[in-house]
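One structure below.
Just so it is clear, none of the values below were taken in a lab; they were calculated from the coordinates. The structure displayed is predicted, hence computed values, not measured ones. Neighbour counts run over all protein chains shown; Cβ positions are idealised from the backbone, glycine included.
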Amino acid sequence: MTTAQESTITTRADGPAREHIDLVETYAAHNYHPLDVVISRGEGAWVTDVEGRRYLDALAGYSALNFGHSHPRLVERAKNQLDHLTLTSRAFHSDQLGPFARDLAALTCKDMILPMNTGAEAVETALKVARRWGYDVKGVAADQANIVTMAGNFHGRTSTIVSFSTDEDARRAYGPYMPGFRVVPYGDVAAIEEAIDANTVAVLLEPIQGEGGVLIPPDGFLREVRELCSRRSVLMVADEVQSGLARTGRTFACDHEDVVPDVYVMGKALGGGIMPVSAIAANRDVLDVITPGSHGSTFGGNPLASAIGHEVVAMLATGEFQERAAQMEQILRPGLEELTAHGVVAVRVRGAWAGLDVDPALMTGYELCRRMADRGVLAKDAHDSTIRLAPPLVASDEDLSLMIDVVRDSLTA
Ligand SMILES: *Cc1c(COP(=O)(O)O)cnc(C)c1O
């Protein structure tokens, strides 16, 4: 059934692409299993490989490319900053961090931010802030703090974060694991309530589980968690690294339930697809637990990152990308739901973000993505027979129709 498919892929990989793939296979650790596509250019929603083939990018760097490849406004700001100043370290001030911090605080409606680089670092920052807040403000006894997290989570790859992962591939043989985390089923408020005790300092969750397969919790879940956290004096920490910054049709996925968490965790699109930029945002009563020397990063808040992040925030402040993502949902939802006639067993859509569960008897998510790549659309499986679609928010209506057609053709070929 897959023979024709495999021969096409093999042909592609025998060309100039093969050389690039062999180098990576030989000299880079095998921590990913990429499709046999070697990209050398990107513009907007489209990329071009080393053999001149064009593909619609329906992964968008796991939503790091919400604004598409090489957005002219972001590239211009980055180039301009490159000519002036790239790094000072936080031992000195730069003229870029202040405006970025001010405007990101305004976008989140929080008092202040703490800038880092990767999403995982921002999650680590939130965990450290929550623990310190627990000891210094809530009055938890030393080293007794616990944090409630959700099954099926994805928060990054550090040894602390994988300690509360429920994904065996992500966790195996990385012990001993960090204690102090309690994992409960996602979407189950009663289970969270049961897990909370006097030493609980935070509930950490993704408002939509992206790597989990774009899993949307039951209506009202976020509101109930918010109410519970307030009632029990526990910080609600929303990891919006993937769900935030316009992807779901609102600035934050929490906005869909009018929920304001105590701590926002942001990354991915905050760097405009150009470089890693992450941050947490919270009010003064929480972030004031951080004092000089207690946390930091050589590159966190660097001038180049701040300039790009500042431009990203300015682009989000108009609301146009959020609006576009909401419009995209109007095309994606009917188009993708129609695929249930072709072997898709579940469809979840929020904004420009979709998870599809394919009938496991038909093919794996990886196989579906291989077939889609052959037809000019790049996507990624989440796990097993689930794929996620997250085209850049600059994709046109025609791009979205093409994407849906390619999924259908790939399922039925
Ligand atoms: C990608 C992701 C992270 C980790 O971000 P990195 O930049 O890869 O460290 C954390 N949380 C969520 C929800 C993510 O999707």
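At-a-glance table
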{"item": "Nearest 10 degrees, 0 to 90: helix 119-133 Cα axis against the chain principal axis", "result": "20"}
{"item": "In degrees, nearest ten, helix 320-337 long axis to first principal axis of the chain (Cα)", "result": "50"}
{"item": "Angle in degrees between helix 16-27 and the longest Cα principal axis of the chain, rounded to the nearest 10", "result": "40"}
{"item": "Global geometry of segment 118-244, whether rounded, prolate or oblate, following the gyration tensor of its Cα atoms and the 1.5 cut on a/c", "result": "oblate"}
{"item": "DSSP bridge orientation in the chain - percent antiparallel, rounded to nearest 5", "result": "65"}
{"item": "Sorted peptide list for 190-201, 261-272, criterion being average Cβ within 10 angstrom, highest first", "result": "261-272, 190-201"}
{"item": "Most to least packed among 309-319, 220-230, 111-121, 235-245 [average Cβ atoms within 10 Å]", "result": "235-245, 111-121, 309-319, 220-230"}
{"item": "Inter-part distance where segment 27-91 and segment 179-220 are each reduced to a Cα centre, Å", "result": "32"}
{"item": "Debye-sum result for segment 9-84 in log10 I(q)/I(0), which assumes one identical scatterer on each alpha carbon, at q = 0.13, 0.17, 0.19 Å⁻¹", "result": "-0.52, -0.80, -0.92"}
{"item": "Alpha-carbon Rg/Rh ratio, for segment 72-317, with Rh computed the Kirkwood way", "result": "0.96"}
{"item": "Radius, Kirkwood style, for segment 95-153 when every pair of distinct Cα atoms is counted (Å)", "result": "13.6"}
{"item": "Close Lys-Lys pairs in the chain, where close means Cα under 29 Å and separation is 8 or more or interchain", "result": "7"}
{"item": "From the C-alpha gyration tensor of segment 305-404, square roots of 5λ in Å", "result": "28, 15, 12"}
{"item": "Isotropic mean projected area of the C-alpha convex hull, the chain (nm²)", "result": "20.4"}
{"item": "For segment 350-396: rounded, prolate or oblate by the Cα gyration tensor [a/c cutoff 1.5]", "result": "oblate"}
{"item": "Peptide ranges 27-37, 292-302 listed from the most packed, as the mean C-beta count within 10 angstrom indicates", "result": "292-302, 27-37"}
{"item": "If the convex hull is drawn through the Cα atoms of segment 232-364, its volume per residue in Å³", "result": "171"}
{"item": "Asp167, Asp83, Asp22 arranged by Cβ crowding within 10 Å, fewest neighbours leading", "result": "Asp83, Asp22, Asp167"}
